[in-house]
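A.B. asks: First the structure, then my questions, so here it is.
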Amino acid sequence: MTPFHSRAEQLLGVQLLAATAAHDYEYWKSRLANPGLLLDAVAVALYRLPLLAVPVGTDRRGGFMDMADPGFAEALADALRGRPGFDRVTASGQVVHWGEPMPEGLAPDARRRFQGLREEPRYGPCIRPPAGHGGRDSGVRSWPLVPGSPPERQPASPWAVVAAGAAPA
């Protein structure tokens, strides 16, 4: 896979890669109402973790990505401008938006439809959204429970948070 590098990307370390290189490619593939949008998607690599930027089109009206720093957001906005499906690209602080701005006060179902997402993912509800796409850990259990088992016998979260240097040997 050949990366696409602009001068700003090289200076700031933001890289655009093929969509399939994204860490969250399967997450988006299972949730998009129109997976054909993945043909124009790109993986955005920042700090070596590529996340998917999905273009607008058909039933997806807008998208965004949190870049953790305004400089990176500006570099990504510059890199996305002119690409198919990434119209009206703006950087506001550390967040890059494209497509239509999301209306204020939308209900969760309306937000999902605005972003072109299915009602239920194709592969079950157990995958959390990546942090760059608003997937902050809300503490809500999103993996399947074992019916009839007491709470202490339920499966552990597959996304355990381990402090740096404290990983099991």
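The values are calculated or read from the model by the stated rules, or taken from the named source; none is laboratory data. In this text, all values refer to a predicted model and were calculated from it rather than measured experimentally. No Cβ is skipped: glycine too gets one built from the backbone with ideal geometry, and neighbour counts run over all protein chains shown. Each accessible area value is taken on the protein alone, full model and side chains, heavy atoms only, with ligands, DNA and RNA left out. Shrake-Rupley method; radii C 1.70, N 1.55, O 1.52, S 1.80 Å.
A.B. asks: Take the residues in region 19-43 that are in contact (Cβ under 8 Å) with a residue 24 or more places away in the chain and under 13 Å from residue 58 (Cβ atoms), then tell me which one is least open to solvent (accessible area, probe 1.4 Å).
C.D. replies: Once the filter is applied, the top-ranked residue is 32.
A.B. asks: While we're here: Among the numbered criteria (1) under 13 Å from residue 116 (Cβ atoms); (2) surrounded by fewer than 21 Cβ atoms within 10 Å (Cβ to Cβ); (3) modelled with pLDDT of 90 or more, which single criterion is violated by residue 58?
C.D. replies: (3)
A.B. asks: Do you know which residues across region 84-122 are open to solvent by 50 Å² or more (accessible area, probe 1.4 Å), assigned to a strand (DSSP E or B) and touching a Ser or Thr at 6+ places or on another chain (Cβ under 9 Å)?
C.D. replies: 97
A.B. asks: Would you tally the residues in region 39-74 being in a loop (DSSP other than H, G, I, E, B) and under 20 Å from residue 20 (Cα atoms)?
C.D. replies: Within region 39-74, residues that are in a loop (DSSP other than H, G, I, E, B) and under 20 Å from residue 20 (Cα atoms) number 7.
A.B. asks: A follow-up question, please. Filter region 81-109 down to the residues that are touching a Leu at 6+ places or on another chain (Cβ under 8 Å) and more than 11 Å from residue 63 (Cα to Cα) and list them by number.
C.D. replies: Matches in region 81-109: 91 only.
A.B. asks: Right, another one. Kindly indicate whether any position in region 83-105 is among the hydroxyl-bearing types (Ser, Thr, Tyr) and at pLDDT 90 or above.
C.D. replies: Checked against the condition, which is being among the hydroxyl-bearing types (Ser, Thr, Tyr) and at pLDDT 90 or above, region 83-105 yields at least one hit.
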